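The values are calculated or read from the model by the stated rules, or taken from the named source; none is laboratory data. The shown structure was predicted, so the numbers you read here are calculated from the model rather than taken from an experiment. So basically every Cβ, Gly included, is an ideal-geometry build from the backbone, and we count neighbours across all protein chains shown.
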Amino acid sequence: MGGFPLRILVVGAGLAGLAVARALRMAGFRPDLIDKLAPGDLVDSGLYLPGNADRALRRLDLDGPVRPLGQVIRRQYFRDATSAPLCEVDLDALWSGVGRCRALLRSELHRVLLTGAGGAVRYGVGLDAVDLFPTTVGITFADGAAAEYDLVIGADGPRSEVRALAALGGPPRPTGQVVYRAVVRDGPPVTEWTALLGHRAGFLIVPVGPGQLYCYADETGAVAPADPMARLGEVFGDYGGPIPEVLDCLDQVHPAVTEEVELGRWHRGRVLLVGDAAHATAPTLSQGAAMALEDAVVLAESLRRSTGDVDAALTAYESRRRPRTRWVRDRTRDRNRTRDVSPALRDPLLRERGGRIFGEHYRLLLGPL
């Protein structure tokens with residue numbers, strides 16, 4: 001690019017950072033990659049990747065390593081709290097020509113991306129300062145070491161240090177939703193994506209491979225409970241279908257309060273935010289990983305096309321990505337508002353046209369990146 005090697009630092013070695021590092025390597029760059037956490041700090045959970053995530057993985061030439069993992073998901077089944085059918089979505093038809101939908105363990109996708117990124121991550125490395133210069137960025141690491149880069153990419157999640165240090169925005173905003181994640185082994189024989197919807201609460205079960213189910217539950221709330229296992233029993237103990245058996249199989253649950261990031265801009269000088277650091281939403285549409293993978297593809301393409309003009313590349317990247325991430329944010333909010341509608345009003349509507357409504361939430365994402 002421009003006849004010299006661009007010095008790039010990627011901060012964050014989660015899915016977003018690893019995807020960006022992979023895309024940059026494919027474009028001929030050799031970024032440095034750091035993460036303030038240790039490798040063993042990763043908490044595993046399940047992950048559902050819609051068809052646009054599969055398309056992005058093909059662009060990253062990683063669809064082959066992912067193909068044997070997890071399980072292809074062909075339909076989504078929505079049921080009420082008693083497990084009576086509400087509606088379903090034909091995923092093969094919805095994402096036809098785009099990609100397959102897949103559910104797998106997050107750790108499995110992480111390993112694929114880590115290998116694709118070259119595997120060279122400096123763990124346990126935090127930041128102390130980010131200084132913006134006219135055409136470079138000065139970085140002071142937490143251990144006192146310093147370096148200068150032509151581009152710094154913050155891929156460090158909703159509570160991004162890069163975002164704060166570069167004055168690109170404040171802390172994330174809670175969405176009013178508490179979520180519970182767990183992986184169940186040797187649970188009931190659920191073979192497809194199945195969600196049971198109650199009032200201001202829901203429970204999702206997704207198969208992620210032989211003998212393994214990813215369980216995701218949510219409820220309206222502002223604080224994660226001290227005893228998540230007991231809370232799940234209180235909220236979902238009366239649900240029907242496979243829920244009682246799933247609850248009996250749980251041995252570890254990870255609760256969290258969901259957060260949203262909405263910024264006026266994603267870059268300042270030569271500092272850029274990607275993934276959840278720039279545009280986190282509640283995980284209702286399962287688009288967090290997909291948006292991060294798409295970010296990586298478009299960023300590398302923008303840098304490759306810019307013929308040495310980094311500032312133009314960052315502007316082009318943001319202008320391409322904002323409409324899609326805004327769509328995801330708005331559709332996420334739309335769907336989350338339905339949790340406040342009583343089942344007596346909501347369920348007849350979903351039985352009549354729920355499949356079309358839920359499919360429409362992805363319409364923009366069917367088009368090109």
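Exactly one of (1) under 15 Å from the mean Cα position of the chain (by Cα); (2) crowded, with 21+ Cβ neighbours inside 10 Å; (3) not basic (Lys, Arg) is unmet by Tyr317. Its number?
With (1) under 15 Å from the mean Cα position of the chain (by Cα); (2) crowded, with 21+ Cβ neighbours inside 10 Å; (3) not basic (Lys, Arg) applied to Tyr317, the lone miss is (1).
Going by the conditions given, is Arg122 basic (Lys, Arg) and within 30 Å of Val72 (Cα to Cα)? Break it down stepwise before answering.
Values: basic (Lys, Arg): yes; within 30 Å of Val72 (Cα to Cα): no.
So Arg122 does not fit the description; no.
For Val208, which of the numbered conditions (1) crowded, with 21+ Cβ neighbours inside 10 Å; (2) within 23 Å of Thr332 (Cα to Cα) fails to hold?
For Val208, the failing item is (2).
Could you please let me know if Ala292 is over 18 Å from Leu364 (Cβ atoms) and in contact with a helix residue (DSSP H, G or I) (Cβ under 8 Å, 6 or more places away or on another chain)?
No; evaluated as a whole, the condition is false for this residue.
Specify which of the listed residues (Arg331, Arg337) is farther than 24 Å from Thr136 by Cα, assigned to a helix (DSSP H, G or I), under 17 Å from the mean Cα position of the chain (by Cα) and not aliphatic (A, V, I, L, M).
Checking each option against the conditions leaves just Arg331.
Which condition from (1) more than 23 Å from the chain's Cα centre (by Cα); (2) within 26 Å of Val72 (Cα to Cα) is the one that Asp218 breaks?
All conditions pass for Asp218, except number (1).
Glu352 versus (1) of a type in the set (D, E, K, R); (2) modelled with pLDDT under 95; (3) surrounded by fewer than 16 Cβ atoms within 10 Å (Cβ to Cβ): which is the lone unmet condition?
It fails just one condition, (2).
Checking His267 against (1) closer than 23 Å to Arg326 by Cα; (2) surrounded by fewer than 21 Cβ atoms within 10 Å (Cβ to Cβ), which test does it fail?
Against the list (1) closer than 23 Å to Arg326 by Cα; (2) surrounded by fewer than 21 Cβ atoms within 10 Å (Cβ to Cβ), His267 comes up short only on (2).
For residues in the stretch 123-137 being of a type in the set (A, V, I, L, M) and in contact (Cβ under 8 Å) with a residue 40 or more places away in the chain, which is surrounded by the most Cβ atoms within 10 Å (Cβ to Cβ)?
Ranking the qualifying residues of the stretch 123-137, first place goes to Val130.
Filter the stretch 138-179 down to the residues that are surrounded by 16 or more Cβ atoms within 10 Å (Cβ to Cβ) and among the polar types (S, T, N, Q), then identify the one that is nearest to Phe29 (Cα to Cα).
Per the stated criteria, the residue is Ser160.
Residue by residue, here is whether (1) touching a Lys or Arg at 6+ places or on another chain (Cβ under 8 Å); (2) touching a residue at least 12 places away in the same chain (Cβ under 8 Å) holds:
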{"site": "Tyr149", "(1), (2)": "yes, yes"}
{"site": "Glu161", "(1), (2)": "yes, yes"}
{"site": "Leu168", "(1), (2)": "yes, yes"}
{"site": "Val179", "(1), (2)": "no, yes"}
{"site": "Pro210", "(1), (2)": "no, no"}
{"site": "Pro228", "(1), (2)": "no, yes"}
{"site": "Arg231", "(1), (2)": "no, yes"}
